[in-house]
Every structure is written in structure tokens, then in C-alpha cells.
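Below is one structure, written out as C-alpha cells; the observations come after it.
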Amino acid sequence: MVGRWCAPQLLLAVGFAVNGLVLYVFTKVAQLSLLMRFGGALQFLLTLAALALLVKAGCRRPVSSFLSGMLVGFAFEVLGTRTGIPFGAYEYRWAVPSLLEVPVQVVYGWGLYITTSYMVALSLESTLLRVFHASLLTVALDMAIDPVMVSYGLWRWARAGEWFGIPLENFAGWFTVSAVSLLLAESLSKAESRCPLSWKCSTLCYLAAYAPFIAASTPATAAPVLVATLLGAALATAPQLVRRAWPHRTREARSLITPRRWGLCR
């Protein structure tokens, strides 16, 4: 049963950890672009393996969120690079393969980060709460991503923003893209029964997503990465902490949070 409950999340977590280690070596020890490509490629292969396990386990909602995240994220990136909506005016300076001026890695990242957040939110009963919670989790994750990536010159905004140089409308854009992606994923998987993933493993996977940005952070970006990581941890655990604090709430309140899925790798 371990493969069904925890293996996909653990594979993704290993991918984040490996990529974090590679980024640490790249940024702190040696300027080796080949090493960075190796870390990214290994993480991509682990992501594919995790998605395959999810399909095999009959848990297609995260797979739908990965595909819809890439599709919707790409559409909004094309719009954003041309109009500044909804992220604010920005441009990419990342010398990697691109599609319509959008780096392929960015499209992949949308699917990966939205899915990682969504798996945590699957412990909630309500569709709208799942979408809202997962969207908040992706915003918290981006609060770590953008300051680090901008510090390395991979993209930049037309104006310096309020969050360590990042405009606040960027985070509104992240919430919008995540919510639209997940509403689409929910509609595509409406007939599917509850996805049997361990909440603890999903939370571990989500927190591991911060590892590459912790590893690549500099003294100038250490503060936003730390704050974002703590915020992400608080948001990820909040629903379960509320459930434990008030176990005898009304039926309507209890219906918002899954009454099971507490065991680790059950």
C-alpha cells in the first residue's frame, strides 16, 4: 500500500531535493551549467514516474491538475509577456528553449507547483476550498521562487515591486492562474472518487518544493525565502490543525475537511 499512498509524493520530494542539491553546488561551489541540466532532467524523470504512479493508483486529479496547470499557465504567460496581465509588465531573459517567448521550464513549473500544492489540498471535502487552499499554497511558493530567480537575472519586471522587488500583482496573477487551472482539473475529474493520498506525504512533498530556492538563495534573497517557507508550512498544516483543535464542530463545518487520510503511508 505504500506505493499507492506515498510513493508519488516521495518521488516528487526526492526530485525537489536533488534539484536543490544540484543548485547548491552550482551557485555555491562551481559554475557548471551541465550539472544544472542534469538536476533538472532527473527531476523531470521523477515527475513523470510520480504521475504514472498516480494514474496506476486511480488518482487522476493530480494528473489533471498537472496538465491543466501547464496549459493554463502557458496561456497566461503568453498573455502576460505581451500585455502585463495578470502578473505585471515583465520579460524573460532565460537562455533556454522557449515557445512563443515563454521558457519551456516555466510551463513545466506551472504544472509541477500547482500539482504539488493541490495534493495537499485534496484532504479538503469542498471543491472550492480545495481550489482556494491550493492556490494560496502556490502563491506562498512563488514568494520564494521569484525573488531568487530574478536575482539570477532569469526574468525581470518593468518596475521594482513591493515584495523584495516583485510587484504584488504578480501574486494575484499566480492565484488566478492556479485557481483557473484547478477549477478546470476539478471539472475534468468530477466523476472520480476521493484521491487516496496521505496528507502527511503530500505536505512533505510541498515543503520539499522550497528546497531548490533555499539552496540557491543569496544573502539578499534569504529573507523572502525564509518567510515564504514558514508561510507555506503554516498554510499547509492549518486545515488539519483546525480539525484537531475543534473535533466536535457541526456537520457543515466538518464536511469542509476530510475526516480521514491521517496515517503516513497507510
| Failed condition for CYS59, given (1) outside any loop (DSSP other than H, G, I, E, B); (2) crowded, with 17+ Cβ neighbours inside 10 Å, with all others met? | (1)
| query | Would you pick out the residues in the stretch 62-89 that are in a helix (DSSP H, G or I), over 20 Å from ALA7 (Cβ atoms) and small (Gly, Ala, Ser)? | reply | SER68, GLY69, GLY73, ALA75, GLY80
| Residue in the stretch 107-139 that is surrounded by the fewest Cβ atoms within 10 Å (Cβ to Cβ), counting only those that are out of contact with any Leu (no Cβ under 8 Å at 6 or more places or on another chain) and closer than 13 Å to PHE175 by Cα | PHE132
| Looking only at residues in the stretch 89-128 that are of a type outside the set (D, E, K, R), touching a residue at least 60 places away in the same chain (Cβ under 8 Å) and touching a strand residue (DSSP E or B) at 6+ places or on another chain (Cβ under 8 Å), which one is farthest from LEU204 (Cα to Cα)? | ALA89
| query | Cβ-Cβ below 8 Å, separation at least six or inter-chain, first residue in the stretch 147-161 and modelled with pLDDT under 95, second small (Gly, Ala, Ser) and in a helix (DSSP H, G or I): which pairs? | reply | VAL148/ALA216; TYR152/ALA216
| remark: Checked ARG93, ARG130, ARG156 against criteria (of a type outside the set (Asp, Glu), over 22 Å from SER68 (Cβ atoms) and in contact with a helix residue (DSSP H, G or I) (Cβ under 7 Å, 6 or more places away or on another chain)); the one match is ARG156
| What number of residues in the stretch 200-221 are without any contact (Cβ under 8 Å) to a residue 40 or more places away in the chain and of a type in the set (D, E, K, R)? | 0
| message | Could you tell me how many of the residues in the stretch 1-36 are in a helix (DSSP H, G or I) and either within 26 Å of TRP199 (Cβ to Cβ) or modelled with pLDDT of 70 or more (or both)? | response | 19
| said: I'd like to know if the stretch 97-106 contains one or more residues that are buried (at least 18 other Cβ atoms within 10 Å of the Cβ) and not in a strand (DSSP E or B). | reply: yes
| message | Just checking: which of the helices (runs of 4 or more DSSP H) contained wholly in the stretch 167-253 hold 1 or more residues that are modelled with pLDDT under 85, of a type outside the set (Asp, Glu) and surrounded by fewer than 19 Cβ atoms within 10 Å (Cβ to Cβ)? | response | 222-245
| said: So for the stretch 141-156 (the condition being touching a Phe, Trp or Tyr at 6+ places or on another chain (Cβ under 7 Å) and either on the phi > 0 side of the Ramachandran plot or in a strand (DSSP E or B) (or both)), does at least one residue qualify? | reply: yes
| said: Of the conditions (1) at pLDDT 95 or above; (2) closer than 26 Å to ALA236 by Cα; (3) over 19 Å from the mean Cα position of the chain (by Cα), GLY58 satisfies every one except a single condition; which number is it? | reply: (1)
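The values are calculated or read from the model by the stated rules, or taken from the named source; none is laboratory data. All figures in this text were calculated on a predicted structure; none of them were measured in a lab. Note that we place each Cβ from the backbone using ideal geometry, even for glycine, and neighbour counts take in every protein chain shown.
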